[in-house]
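Here the structure comes first, spelled out in structure tokens, and everything after it is commentary.
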Amino acid sequence: MLIALTGTPGTGKSSVAAILQTRGNKVLSVNELAESMGCMRGTDERRRSIEVDTDCLSRIDLSAYPSGSIFEGHLAHYLSVDLLIVLRTSPNLLKKRLSERGWGPEKIRENMEAEACDVILLEALDLNREVYEVDTTEKSPESVAADVERIMAGQTEDYLPGKTDWSEEVLSWY
């Protein structure tokens, strides 16, 4: 079984992936994989981001990777994996985290809106694979890593998609 750990930037993917790696899991960066496989398509200067060809990502042959490998990144759900775990976080908390990273207001707002509208979750579900979600808003990275391990072990009932709803938070923006 190959696993994608995905979610909007700022949801805790990198922190959780680092913990999972220290616990003996093989964790791979989707950004590094995309670069090594020729899926990078340049930069978007206005948004100050690297463009990745998601069709190219979806065509990468992952058969050489051992079962249990975890691919981490906000585009990991485009890989041909068996299990998708989407990390979710309150858009207001994302704003704080992305601001601390020095991101500009436009890019922060774009990511807050993407999280509020379930963009990555819906993209993952559209790929017709096994998808689960973990709300990381009030959890430590260690607790989220334990949630991921439970999902990987087949204990999935508490992580079915559709339980996370940011609509009340979004209404407070207006």
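Couple of notes before you dig in:
- The listed residue being open to solvent by 20 Å² or more (accessible area, probe 1.4 Å), hydrophobic (A, V, I, L, M, F, W, C) and either closer than 26 Å to residue 58 by Cα or free of Cβ contacts under 8 Å to residues at least 12 places away in the same chain (or both), out of 121, 160: 160
- Any pair with Cβ under 8 angstrom, 6 or more apart, that starts in region 139-155 at a residue that is open to solvent by 50 Å² or more (accessible area, probe 1.4 Å) and ends at one that is at pLDDT 95 or above and hydroxyl-bearing (Ser, Thr, Tyr): 141/15; 150/156; 150/159
- Checking the stated criteria, residue 153 turns out to be over 15 Å from the mean Cα position of the chain (by Cα), at pLDDT 95 or above and among the small types (Gly, Ala, Ser).
- Which numbered condition residue 171 fails, given (1) free of Cβ contacts under 8 Å to residues at least 60 places away in the same chain; (2) open to solvent by less than 30 Å² (accessible area, probe 1.4 Å); (3) among the aliphatic types (A, V, I, L, M): (2)
The values are calculated or read from the model by the stated rules, or taken from the named source; none is laboratory data. Predicted model, so just to flag it, every value in this text is computed and none were measured. Virtual Cβ from ideal backbone geometry, glycine too; neighbours counted across all protein chains shown. Surface accessibility is based on the protein's heavy atoms, side chains included, excluding ligands, DNA and RNA. Shrake-Rupley method; radii C 1.70, N 1.55, O 1.52, S 1.80 Å.
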